[in-house]
Amino acid sequence: MEINPISVLHEYCQKKKEANPKFHASCAVGEDKKVLYQISLTVQKKLYGPVCAPSKSKAKTGVAVLACNDLKLYHTAGKQVQKPNKSTAKTDLNIITQLYEYCQQQKWLNAKVELVREEGEPHDRTYALRYTLGGREFPVGAGKNKDSAKQRAAARALSELKEAPLRVFLKHDISFGVTVCEYAWEAFGILCEELGESSDFCQTSQLACFLLENLEDGTFRVVGLGSGNGVASPEWQACKGESVIDCHSVVIARRCLLVFLYEQLIKLFSSSEEENIFQFAPAPYLASLKPQYQIHLYLKEAPCGDASLVDATAVKVEKKYNELAPHDHEKVYNESKKFGLVKNKASANIVSCTDKILLWNVLGVQGNLLSNFIPKISISSITVSRHYNASSLARAFCCRYGNSIHHPWIQHGIIEGVEKSNNTGHEKSWAIYWTHGPMDLKEDFEDLVKNAGILNSQTGTHVKGSNRYQEIPIICKRNIYLKYKKLCSMTKQKYRDEYSYSYTKNLCPQYKLDKNSFFMRLETLELGRFPIIDSNVDKFWLDDGDTNKNCKKY
């Protein structure tokens with residue numbers, strides 16, 4: 001059994017009635033010019049470290065090992081983290097040569113590179129470069145040194161010139177799916193530590209995450225995560241939008257993503273485009289996602305519904321389809337009348353998570369209210385760890401709908417411990433959420449509990465005794481509606497207090513039209529219908545007072 005040194009230190013401090021261990025993070029540049037995370041640790045007013053590592057989780061584990069060894073606390077962590085060996089570090093220097101060769105093939109003058117900006121502290125410098133060709137400027141590439149920034153800029157230029165995905169031109173030591181998986185579990189691990197939950201609880205939780213990728217520098221950032229696998233009982237569903245009805249992990253994570261998007265838009269309209277994922281846009285929209293950002297989805301396992309059903313007669317999926325590009329979907333898709341049907345969640349009149357992802361791939365993940373401000377935001381890729389089958393996932397997420405849908409990259413990604421089964425104890429009914437919310441995009445992942453909560457999935461409200469008990473969830477419909485009202489006020493958009501949440505959802509004509517077309521196409525394809533939810537669930541107003549006779553109080 002693995003005994004995590006960080007968890008050991010937390011338990012030790014609790015027993016001694018001391019303050020929890022405090023990690024101190026900074027960055028440094030190693031001998032190979034790659035950025036390293038430098039983390040020290042304070043336990044009982046004694047400072048340990050610092051320890052350097054290529055990721056925060058490894059550095060934190062390394063410095064925790066130092067403290068445990070000094071305090072003679074038992075743990076099972078392996079060797080301490082060291083700086084990566086320069087001789088084994090892989091770099092893709094050839095991408096620049098590829099760009100020059102492509103220019104020669106086209107009989108063009110060689111592309112020129114220029115420094116766009118240089119920022120950050122001396123120990124944590126970031127360089128941004130851009131290639132130009134015949135007056136045409138290509139997207140910026142950024143890195144912790146000029147060489148890596150130059151390579152990324154060359155890759156982005158080739159991506160535009162050849163009209164191919166950027167990831168085709170980038171080579172990594174580990175696969176894209178594993179990278180996404182690592183970021184997701186690192187964030188969830190940090191959150192579980194702060195919530196005081198064990199590593200075993202963390203690893204056995206059902207997890208879904210939305211991640212933001214910055215194509216300029218290749219960095220990832222978790223912006224919303226959720227765990228859970230339940231649905232609130234009927235008597236808790238019509239509660240002025242104050243309960244979270246569907247507590248399945250991917251639905252929770254998507255609610256967290258929405259809160260993040262709202263907070264970014266609020267910042268945009270209250271300050272400027274700087275350090276924001278959005279930019280001002282021409283009519284009919286007010287803003288749009290900056291082109292250097294992409295949204296990725298991580299799932300611990302294939303979600304409920306059609307994605308979890310594997311067709312035994314389907315095309316045998318070869319190992320190369322551990323990464324399935326959009327144009328390769330047709331190679332593994334096997335049309336069958338037995339599969340692809342719309343399904344409900346077990347014992348609930350709510351459509352499955354798979355079918356919700358299908359809807360997002362058609363209409364965008366931003367939903368109906370945000371469609372009044374921004375255009376469609378597509379999920380660029382979906383990574384699945386357990387029960388991965390490329391054929392089933394491609395069918396369920398997009399291919400059964402035909403070609404008039406966004407086809408995301410689909411890939412497998414797994415790390416040690418993720419293969420564990422789901423919670424079976426009293427935590428089985430828990431649903432944990434965390435949203436990036438108003439945090440700065442460069443802020444360290446510390447004190448995550450301020451934007452997190454633990455829900456009882458049977459009620460959709462916070463668990464008794466948890467940090468937010470008797471508060472309405474940050475991600476409930478009521479709070480999201482409040483953020484929508486604030487945006488309307490800031491942008492002078494149409495909003496009236498007499499409009500219910502249900503009525504307001506239909507105010508975006510294009511989204512409503514596209515959604516109706518989606519339902520009609522499902523019927524044409526004989527895939528079934530989405531269930532009709534109780535009208536009272538969304539029929540609430542923001543000025544309806546603090547009490548509701550139809551809602552249980554907590």
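Here are the numbers:
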quantity: Candidates THR435, THR461, filtered to the one that is over 30 Å from LYS331 (Cα atoms), crowded, with 22+ Cβ neighbours inside 10 Å, under 18 Å from the mean Cα position of the chain (by Cα) and modelled with pLDDT of 90 or more; calculated: THR435
quantity: Some residue of the stretch 280-289 being polar (S, T, N, Q) and within 20 Å of ALA452 (Cα to Cα); calculated: no
quantity: Filter result for ALA283 (hydrophobic (A, V, I, L, M, F, W, C) and free of Cβ contacts under 8 Å to residues at least 40 places away in the same chain); calculated: yes
quantity: First in the stretch 7-36 and closer than 16 Å to VAL65 by Cα, second anywhere and modelled with pLDDT of 80 or more and aromatic (Phe, Trp, Tyr), Cβ under 6 Å, 6 or more apart; calculated: none
quantity: Hits in the stretch 518-535 - residues which are touching a Ser or Thr at 6+ places or on another chain (Cβ under 9 Å) and surrounded by 13 or more Cβ atoms within 10 Å (Cβ to Cβ); calculated: ARG521
quantity: Hey, LEU268 under 28 Å from ALA153 (Cα atoms), within 17 Å of the chain's Cα centre (by Cα) and assigned to a helix (DSSP H, G or I) or not; calculated: no
quantity: Residues satisfying the stated conditions in the stretch 26-37, i.e. crowded, with 19+ Cβ neighbours inside 10 Å and either modelled with pLDDT of 80 or more or not hydrophobic (A, V, I, L, M, F, W, C) (or both); calculated: TYR37
quantity: Unique match (being over 26 Å from ALA164 (Cα atoms), among the small types (Gly, Ala, Ser) and either part of a loop (DSSP other than H, G, I, E, B) or at pLDDT below 80 (or both)) among SER40, SER57, SER87; calculated: SER87
quantity: Subset of the stretch 496-509 [closer than 21 Å to LEU286 by Cα and either surrounded by 13 or more Cβ atoms within 10 Å (Cβ to Cβ) or among the acidic types (Asp, Glu) (or both)]; calculated: THR504, LYS505, LEU507, CYS508
quantity: Sole residue being over 20 Å from TYR37 (Cβ atoms), at pLDDT 90 or above and in a strand (DSSP E or B), chosen from ARG156, ARG130; calculated: ARG130
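Every residue, every condition in (1) part of a strand (DSSP E or B); (2) assigned by TED's automatic domain parsing to the domain that holds TRP430; (3) of a type in the set (Gly, Ala, Ser), yes or no:
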{"site": "ASP200", "(1), (2), (3)": "no, yes, no"}
{"site": "GLN203", "(1), (2), (3)": "no, yes, no"}
{"site": "CYS209", "(1), (2), (3)": "yes, yes, no"}
{"site": "GLU213", "(1), (2), (3)": "yes, yes, no"}
{"site": "GLU216", "(1), (2), (3)": "no, yes, no"}
{"site": "GLY224", "(1), (2), (3)": "yes, yes, yes"}
{"site": "ALA238", "(1), (2), (3)": "no, yes, yes"}
{"site": "VAL244", "(1), (2), (3)": "no, yes, no"}
{"site": "CYS247", "(1), (2), (3)": "yes, yes, no"}
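The values are calculated or read from the model by the stated rules, or taken from the named source; none is laboratory data. These numbers come from a predicted model, not from an experiment. Glycine also receives a Cβ, built like all others from the backbone with ideal geometry; neighbour counts cover every protein chain displayed.
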